[in-house]
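Single-structure report; data block below.
Since every read-out is calculated from the coordinates, none of them should be taken as a lab result. Bear in mind the structure is a predicted one, so any value in this text is a computation, not a measurement. Every residue, glycine as well, gets a Cβ built from its backbone with ideal geometry; the counts of neighbours run over all protein chains shown.
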Amino acid sequence: MTDRVASRTVGERVVLEPVTPDLARAIVAGDLSGLNPGQGWPHDDTLDAMGMATTADAAPGWLIVVADQVVGDCGTFGWPNEAGEVEIGYGLAAPFRGQGYGTEAVRAMCIWLFTEAAARVIKADVLADNAASRALLGKLGFYVTGTRDDIVSYAFALRQQGATAQEIGEALRG
């Protein structure tokens, strides 16, 4: 397992750059120096996500970078528990949605969580009316585990112990 620090993760078109507590504090304070924000980023949920990443024991989080521009952010709501379960969240700036960047970022994040953070089950809650996010999770092979109010809960379970990143990537369709 990792030393409880996220590491840089490279996908086909996206790069996940780790969010440190110092970087999270700067973003919350409005200091984007050193970053190349894409149009529409930070998006509406960025400050909430960065607020959770300001402590030394923060859960893993990343900035989603496409062509050297920060276009979104993703991460978890904690480290995997004893059963290996962890919940993820993600968001892209509006101009970058619908181009497959979100799918690629979530896939890369999940591969990292399974291979580096000992995750066994990755969960996500999505607003029922967020068709794009629901489609993204379905495309990757997440399955619906329940609904409550206006939330649909999803999960993806790693079935093979000791799977390689390539095997995990193949299991995560998309």
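May I ask for the longest run of the chain untouched by trypsin sites (Lys or Arg not before Pro) that are loop-located per DSSP and have at most 13 neighbouring C-beta atoms (other than their own) within 10 Å? Free of exposed loop sites, the longest segment is 14-158. When you restrict to C-alpha pairs under 8 Å that are six or more residues apart and normalise by the size of the chain, the relative contact order lands at 19 percent.
Per-residue 3J(HN,Hα) values for region 30-40, derived from phi via the Karplus relation 6.51 cos²θ - 1.76 cosθ + 1.60 with θ = phi - 60°, read x, 8, 9, 4, x, 10, 10, x, x, 4, x Hz in sequence order (x marks Gly and Pro). Each listed q (0.11, 0.13, 0.19, 0.21 Å⁻¹) maps to a log10 I(q)/I(0) for region 9-171 from the Debye sum over equal C-alpha point scatterers, namely -0.42, -0.59, -1.29, -1.53. Each part gets one Cα centre, and for region 125-174 versus region 30-77 those centres are 22 Å apart.
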